[in-house]
1. Most fluctuating residue of A:Y223, A:Y69, A:Y292 in a GNM of chain A with Cα springs under 10 Å: which is it?
2. Fewest to most neighbouring Cβ within 10 Å: what's the order for A:H342, B:H122?
3. Percentage of Cα-Cα pair distances in chain A greater than 39 Å, rounded to whole percent?
4. Please state the shape class of the range A:382-428: rounded when a/c is under 1.5, otherwise prolate if a/b exceeds b/c and oblate if not, all from the C-alpha gyration tensor.
5. So what's the Cα pair-distance distribution over the range A:225-380, bin width 5 Å, in %?
6. Calculate the mean, over all residues of peptide A:96-108, of how many other protein chain Cβ atoms lie within 10 angstrom of the residue's Cβ.
7. Can you work out ³J(HN,Hα) from phi for every residue in the range B:133-138, in order, using Karplus 6.51 cos²θ - 1.76 cosθ + 1.60 and θ = phi - 60°, giving whole Hz and x for Gly and Pro?
8. In debye, nearest 20: dipole of chain A around its Cα centre with unit charges on the Cβ of K, R (+) and D, E (-)?
Amino acid sequence: MSRYRKIVSKLVASLLLTAVFSINNNVLAADGEALFKANCASCHKVDKDFTGPALQGWKDRVPEGDWIYQWMASPAKMIDTDPYSQELFKKWGPTKMTAFASMPKEEIDAIFKYVDEYKPAGSGDGSAVAAPAEDQSTLWYGILTLIFALIGFVLLQVNSNLRKLSDEKEGIKRGEPVPFYRNKTYLMTAILVLFAIGGYWTINGAIGLGRHQNYEPVQPIFYSHKVHAGINQISCLYCHGGAQDSKHAGIPSVNVCMNCHMAVKEYTGEKLVRPDGTEVNGTAEIQKLYSYAGWDPNGGPEGKGGYNPDKNGDGVPDGARPIEWVKIHNLPDHVYFNHSQHVKVGKQQCQTCHGNIQDMAEVKQFADLSMGWCINCHRQTKVDFNADGKGNRFYSIYEKFHQDMKNGKMDSVTVEHIGGTECQKCHY
Amino acid sequence: MYKFSAIAIIVLIAFSSCGDNRTPGRVYAPDMAYSRTYEAYDLLDSTKFTGDVLDKGGDKIYFNAQPVPGTIKRGDEFPYTLPHDSVGYKLSASVANPFVGMSSVEMMEAARLYNINCGVCHGEKGKANGPMSGKVGGIVDLTLPAYVTMADGTMFHSITYGKNNMGSYASQLTRKQRWQIIKYVRTLQGGVKPATDSTAKAAPAVDSATTTKN
């Protein structure tokens, strides 16, 4: 027995040891990933060139020995002395890599261990999630109604035939029955039904005149709000900053697009599809933006992109021109709408009126922008007057007047008290 | 049969009025629906009366939000005069932030603007891990020592003119907002006192134009 016990205990011990080691390994690898993400990921990708070179395969490229540690400690110093570093700088400059002088050797090792063992997680392109089964209940109801109508019709015919038979048997003479398409009851019913349907469509069409709900024009560039506001989580106000300051939300000028697109030169996300099923080449759409901006992705002093020179002297890069986006939401001249009142003061979300923009590949008009629609929201939305610093404090001055009158500090409120002598009241 | 065809035609007309959603559809009174006043981005040329959306007419109005040269918006700071070159970058460290103490309301507003305009790349906590950081690339971690010691003026210079992969934010943020956002970034850096004025060091590792102490 004692022999077995020894073997068992040895086995257990070795198992434990392996477990400990493998756990340790995992910890190291995980650390490598975390370190990579914290320190390197903003400029390097493991398997793709980014702001800096792809890191995978580094061993085959860099000089042997502890070059990598020296480089990490001080890229600037290496660029001054080492020929391979100078070559790197020539290719990837003019920005030098940030120095990581205080990073311990173990952490550097962990990062490169992670890089060597990295495998891309699944091929990125969507073996797309199956489209959710459409709600087919309407179709079934329609089919059922048709079947019942058919049964009813057949029964009516059978009924009339039976009556004819029984009439013949009992010797009652009746006139030749009129066919159903000349039967006045049928005709009247059909006319009434058509009238109801026609009336419904006509009235709806007439109400919809000038409302343009679901208007989804073709834009000069296939700009997807789903990609920008949904997937990339860019705030609406990043581009449409006017919504918090002015009447117009504003369509961003091309320089705002270029803030990101100087660096984002190709589209690699999931497929972009138009409503008619044709596919959109995202990278080609970004190229269109470059032509509007007068920006050359291979131009500039280092060939990494730059604005075209202004040879014709009009103050903007040659070829730069505004993008003629098609305006979707139009209000007639007799309606005043101010974005900042709703966004800044009313604290409304953009989606309240514009729908789930972050899910729209192409923007369409979500609400009908009718007067009834506006009024409904104004009836239901509660205003936060709280004077505790969170609300809009709009009536705080009136509250003060009420208090003062109660306490006898003033006996009446004049027009001047409520802003009647402000210049703009008359001179606007 | 005449009756039937009449009804059929009415129904057809009713159906055809709801056309495809790629065109804006019809309106009752084009002179009210399409403004005659000057409106930005308007569908139709506002100087010309027409109901035809394809007839766009002359130049429409486009703008970017940069102030007109030589003007100052009411309530905004004086214009920043240093030029967009390596000399201007070097000198920028000597420009002091005009906002020394900020109220909590102002700070909340600065935080909101930071999250809208900067957080998308630099991350909510300034750690270079915003949703776009993996796509734009070269995003700096604002909590690194190089940026903690960077002068407010140098940051302002970079936000105003852009730096490396970052574009200019002069059209999106007023000068006041830019200075206040820098104050907010200081709170993300853990309240470490930045070097200011002429004693400042410009960021050593970031700048290719090898700035020296000045």
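Every number here is computed from the coordinates shown, using simple stated rules; none is lab data. Predicted model, so just to flag it, every value in this text is computed and none were measured. Here the Cβ is made from the backbone with ideal geometry for all residues, glycine too, and neighbour counts use every protein chain on show.
1. Highest fluctuation among the options: A:Y69.
2. Values: A:H342 20, B:H122 26.
Ordered by Cβ neighbours within 10 Å, fewest first: A:H342, B:H122.
3. On the way: 53228 of 91378 pairs.
Result for the distance tail: 58 percent.
4. Details: a/c = 3.35, a/b = 1.10, b/c = 3.04.
Note, shape of the range A:382-428 comes out oblate.
5. 2, 7, 13, 18, 17, 14, 11, 9, 5, 2, 1, 0
6. Values: counts 6, 1, 8, 3, 1, 1, 1, 0, 0, 0, 0, 0, 0.
If you average over the peptide's residues, the count of other-chain Cβ atoms is 2.
7. Working through the residues one at a time gives 4, x, 10, 7, x, x Hz.
8. Numbers: 45 positive and 46 negative charges, 294 e Å.
With Lys and Arg at +1 and Asp and Glu at -1, about 1420 debye.
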